[in-house]
2 protein chains.
Amino acid sequence: MGRKSKQKEAILKVVKSTDTHPTADWVYEQVRRDIPNISLGTVYRNLKLLTRDGEILGLGGGDTAGRFDGNIRDHYHFRCERCNRVLDLDEPVDKTMNERLAQRLGVTVNRHSLEFYGLCQDCQSGITNDKAE
Amino acid sequence: MGRKSKQKEAILKVVKSTDTHPTADWVYEQVRRDIPNISLGTVYRNLKLLTRDGEILGLGGGDTAGRFDGNIRDHYHFRCERCNRVLDLDEPVDKTMNERLAQRLGVTVNRHSLEFYGLCQDCQSGITNDKAE
DNA sequence: TTAGGTGCAAAACCTTTGCCATCCC
DNA sequence: GGGATGGCAAAGGTTTTGCACCTAA
């Protein structure tokens, strides 16, 4: 599954230690504090490896999503359409849906992703908040 | 809401007439059959406009998703992790989830997106099928 | 020792944008 | 006429890759 490196460990630690669902570039900036000459390519490579190995999740499923999630517990998301913040939800995850669908369609279902879209509290009240990406 | 053009109409027609959830580039190739000198920029511009106007959907919600859906009925998706095919599902859409979440979190919820991931029939049987993107 | 990882920089993609010509209303 | 739209090409942003050099096992 690949050998250890301080770069990979630092990257994993950054992703695990935030709930901001960061982009590759944000991770890069954070890791740079500890390893100033790390390269962005290394960050991309390791995020992809960590995603494949199931140590982190690619948001929206897969490693092409552009944002990552260190929380690999099954959970859902709420995304603010204005500031693009992503919140983890505590809603219970219903895995029976997977089986029902698998039977009905004759496919294999590994997982599902449920995301809600709307305006977060800050953005509703207009306090806000540049449109971030 | 913007004026008419044959380019925009052709683009809409292409997206509406397929259930393959095409990328901008695929749409471009199709439209080119009718309008050989249409430019890719025009396709992007119009896909964005059509998405904003609600005439088509950006997959995964929004217009940054890279794939589009001419079916604007509320519906869910199944995505094959091997061949990346996307299937429309007939599952009933449960809008009460939106309200429950909105109340609990104090946010505004406009919609949600539910995607299942797994292997489609072809990819299970190994008949398949290059990894498309 | 050596497969695998790293840094760097270039390349590859994908999407947006500026500019001017053209078209609709 | 005048603002919207289109074609073209250049610019932007993000992600991947080739390569020579390291490093963990």
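A short reminder: the numbers here are calculations on the coordinates, not readings from a lab. Only a predicted model underlies this, so the values are computations on that prediction, with no experimental measurement involved. For neighbour counting, all protein chains shown are included, and Cβ atoms are generated from backbone atoms with ideal geometry for every residue, glycine included.
Starting with the fewest neighbours, write out A:78, A:116 ranked by other beta-carbon atoms found within 10 Å of each beta-carbon.
Lowest count first: A:78, A:116.
Taking the Cα centre of segment B:1-106 as the origin, how large is its charge dipole in debye, to the nearest 20, when only Lys and Arg (+1) and Asp and Glu (-1) carry charge on their Cβ atoms?
Result for segment B:1-106 is approximately 440 debye, rounded to the nearest 20.
So what is log10(I(q)/I(0)) for segment A:1-99 at q = 0.14, 0.15, 0.21 1/Å, when the Debye sum runs over its Cα atoms only?
Here log10 of I(q) over I(0) equals -0.54, -0.61, -1.07.
How many partner chain Cβ atoms sit within 10 Å of a residue's Cβ in peptide B:116-124, on average, as a whole number?
Across B:116-124, the average partner-chain Cβ count within 10 Å equals 6.
Can you return the lysines within cross-link range of residue B:48? Criterion is Cα-Cα under 19 Å, with same-chain partners fewer than 8 residues away left out.
Result set, ordered by chain and number: A:131, B:4, B:6, B:8, B:13, B:16.
Under the convention of a label 7 Å out along Cα→Cβ, give the distances in nm from residue B:36 to the same position in every other copy, shortest first.
Ordered by increasing distance: 5.9 nm.
Efficiency by 1/(1 + (r/R0)^6): what FRET value for residue B:29 and residue A:20, r their Cβ-Cβ distance, R0 = 25 Å, to the nearest 0.05?
Once the sixth-power term is evaluated, E becomes 0.10.
Rank B:65, B:2, B:15 by how far each Cα sits towards the positive end of the charge dipole of chain B (+1 on Lys, Arg Cβ; -1 on Asp, Glu Cβ) and give me just the farthest.
B:2
Hey, could you grab the Kirkwood Rh for segment A:1-59? Inverse mean 1/r over distinct alpha carbon pairs, Å, one decimal.
Hydrodynamic radius (Kirkwood, Cα only) of segment A:1-59 equals 11.3 Å.
If you find the alpha carbon centre of segment A:6-49 and of segment B:10-68, how far apart are they in angstrom?
34
How big is the charge dipole of the protein assembly as shown about its Cα centre, in debye rounded to the nearest 20, if each Lys and Arg gets +1 on its Cβ and each Asp and Glu gets -1 on its Cβ?
With Lys and Arg at +1 and Asp and Glu at -1, about 640 debye.
Which value in nm describes the separation of the simple spin-label points at residue A:48 and residue A:111, placed 7 Å from the Cα toward the beta carbon?
My value for the distance between the label points is 1.9 nm.
Put one equal scatterer on each alpha carbon of segment A:66-110, apply the Debye formula with no solvent term, and list log10 I(q)/I(0) at q = 0.16 1/Å to two decimals.
-0.62
With the cut-off at 24 Å, report for the protein assembly as shown the share of all Cα pairs above it, as a whole percent.
57
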